[in-house]
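Read through the structure below, which is laid out as structure tokens, and then see the notes.
The values are calculated or read from the model by the stated rules, or taken from the named source; none is laboratory data. Nothing here was measured: the structure is a model prediction, and the numbers come from that model. Cβ atoms come from the backbone with ideal geometry, glycine included; neighbour counts cover every protein chain shown.
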Amino acid sequence: MIHKLPQELINKIAAGEVVERPASVVKELIENSLDAHATVFSIELEEGGMKKIHVSDNGAGMSPDDARVSIEPHATSKLSSLDDLFSIATFGFRGEALSSISSVSRFTLRTRKQESDTGVELKHDDEGITITEYAMNSGTDITIADLFYNVPARKKFLKSPHTEYRHCIELITQFALITPEVEWHVFHNSKPVLTLPAHTAWHDRVSLLLGNERSKNILPLTVQSERLSIEGFIAHPRSATFTRENQYIFVNKRPVNDYFVLKAVKDGYGSLIAKNTYPPCIINITIDPKTVDVNVHPRKLEVKYSDPQFIFSNIKNIISKILAQKNIQSSPTDIDAYTRSPQRTPYSSPRGFQQPLNKADSAQSFNFYKHLSHQEFTHTPLSKNSNQESVIEKNAIPHNWRLIEQIHASYLIIETQEGILLIDQHAISERINYHQMKQRDTLQNTSQACAIPITIELSPQEYALFEEYYPLMQDLGFDIEPFGSTTISISALPSIMVQENIHDTIASLFSDIRSDQTAESTLEQKKDALMKAVACKTAIKFGDVLTHDQQRALISEWHNTPHNQSCIHGRPCSIEISDKELRKWFKRP
């Protein structure tokens, strides 16, 4: 039999569209505060927002009557006609947020308009709604406790407090980036994690959130016309990475997932960046609300433009123009930022590479060249003597291999009995490092002390990730401690790491973990992801010039490493070209 659903169930179903996790609540409350023209925010989270979310502001506030109506479904002050829906100039407009949130939490709202003598406190829980007078400053103060306490099916899909907190801080960072005129105070478990004074200059806010080092390499972006305004910052091509983690797009200051605009950004860089890399950027598009539809996604994360090609061409052209004006040209350092050294310089082996490995049983070693005989090869550990280059016995590589040379400071060529091998030096070094860390993890990872402790300023998102991975980093040989709200101090590193460019290495390490991690990651999966990220960051790079002895040592280690057919990302370590293929290419019998 078909029947109408009870209102309580309707409210909870509607809440599922708006409230996915604590970050969804934070987003809705921030948007309401911005619509109320607040200039000072305070956000307090407990257990990643799962236990409590408290947001207060100095905005316009509400009257007692408005406060009562605000938690009713589809109650809003921002729409009054159908035409308003197609010219939205506010963040919120549907009248769903407070109604949805209050139906799945223990909800407390306190608010006072500036012209009112007193405020009002509204509570909504299982026992119903209560409203009383409340003495307070003008503005609005909302507390959300025990999110999803009455919807256990939804609550079980929440992740760990660390993961939920990370989603919250990423969301807060987006809004903080685009509102330099707003003062922000953010706390997690009573600890201050973000304090941002109001700024008149957007660049100052970007520097505080992303760090001074990163903000040095950004270029301002400005386009003004009758139809739109585009402003923000783009990064130097050498800062391009394999993830979109540091790309922020806003439309009329609304954070959106706009892959259409990101494609325009990438096309603007053209050949200055590698095919599978993405340049960091912060771009705000100011456009007539009538020409953009923000009502195409339940959480307003996507938009549609009435003239998308106009937006695309303007963004692409201004980025190309800026890069041309700065005379920025493509170079080896601009391509493959993860695997290429800043310049071709002699390679200095990290201490960990000079230490002997506990070789696995020879039966476990993976010999993927079927034409090689199953013979025993003598392996001599690399010398620990810092005054000598790593040396190795001539028979450390198969006797029917002949090392020819390194080419392009990136590849090694070996003559074999059947043809030639082209070897990717970064890929095999990465595989060696990963195997070395896995072996040592079964025993105890060794560390190397830093001569002077290294302090590194992290972004709020990176610091949240650091807190989540802190015990695992200690296990892998990092001696690392908090040193301020978003700063860490490193006293020791895993022995396979070198201390050069450690700031960039740590930053890209967190970027890798952040992009690769899934919400379902177990502790072991997280540890493995961390090992892989460290192995990649500490591997020999493209552009590292190796001596002949270093080449031989690298090949020997790789040949004796299990699963050496591919790197940890699944790319091939080597390509074999048979003598038969060579003869065919040169049209010889």
I'd like the full set of residues that are without any contact (Cβ under 8 Å) to a residue 40 or more places away in the chain and crowded, with 19+ Cβ neighbours inside 10 Å, limited to segment 177-208. PRO180, LEU196, TRP202, ARG205, LEU208
Of residues in segment 112-135 being among the aliphatic types (A, V, I, L, M) and surrounded by 17 or more Cβ atoms within 10 Å (Cβ to Cβ), the one farthest from ARG21 (Cα to Cα): VAL120
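Which of the residues spanning segment 203-232 are of a type in the set (A, V, I, L, M, F, W, C) and either outside any helix (DSSP H, G or I) or in the same structural domain as THR179 (by TED's automatic domain parsing) (or both)? First the steps, then the outcome.
Keep residues of segment 203-232 that are of a type in the set (A, V, I, L, M, F, W, C), which gives 206, 208-210, 218-219, 221, 223, 228, 230.
Selection gives ILE218, LEU219, LEU221, VAL223, LEU228, ILE230.
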Would you pick out the residues in segment 1-38 that are of a type in the set (Val, Ile, Thr) and either at pLDDT 75 or above or over 22 Å from LEU158 (Cα atoms) (or both)? ILE2, VAL19, VAL25, VAL26, ILE30
Count - residues of segment 496-545 that are over 15 Å from ILE568 (Cα atoms), at pLDDT below 85 and of a type in the set (Val, Ile, Thr): 7
Considering each residue of segment 415-437, count those that are surrounded by fewer than 16 Cβ atoms within 10 Å (Cβ to Cβ) and out of contact with any Lys or Arg (no Cβ under 7 Å at 6 or more places or on another chain), and give that number. 2
Looking at ASN257, ASN252, can you tell me which residue is buried (at least 19 other Cβ atoms within 10 Å of the Cβ) and either in contact with a helix residue (DSSP H, G or I) (Cβ under 8 Å, 6 or more places away or on another chain) or within 30 Å of GLU28 (Cα to Cα) (or both)? ASN252
Matching residues in segment 134-175 - criterion: being touching a residue at least 60 places away in the same chain (Cβ under 8 Å) and aliphatic (A, V, I, L, M): ILE142, ILE144, ALA145, LEU147, VAL151, LEU158, ILE169, LEU171, ILE172
Are any residues in segment 209-221 surrounded by 11 or more Cβ atoms within 10 Å (Cβ to Cβ) and more than 15 Å from THR179 (Cα to Cα), and if so, which ones? GLY211, GLU213, ARG214, SER215, ASN217, ILE218, LEU219, PRO220, LEU221
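Can you list the helices (runs of 4 or more DSSP H) found entirely within segment 509-589 that contain at least 2 residues being surrounded by 13 or more Cβ atoms within 10 Å (Cβ to Cβ) and free of Cβ contacts under 8 Å to residues at least 12 places away in the same chain?
Details: elements: 523-537, 548-559, 579-585.
So the answer is 523-537.
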Output the residue which, of all residues in segment 31-50 that are touching a strand residue (DSSP E or B) at 6+ places or on another chain (Cβ under 7 Å) and closer than 26 Å to SER160 by Cβ, is surrounded by the most Cβ atoms within 10 Å (Cβ to Cβ). LEU45
Quick one: which of LYS266, LYS275 is within 30 Å of LYS537 (Cα to Cα) and in contact with a Pro (Cβ under 9 Å, 6 or more places away or on another chain)? LYS266
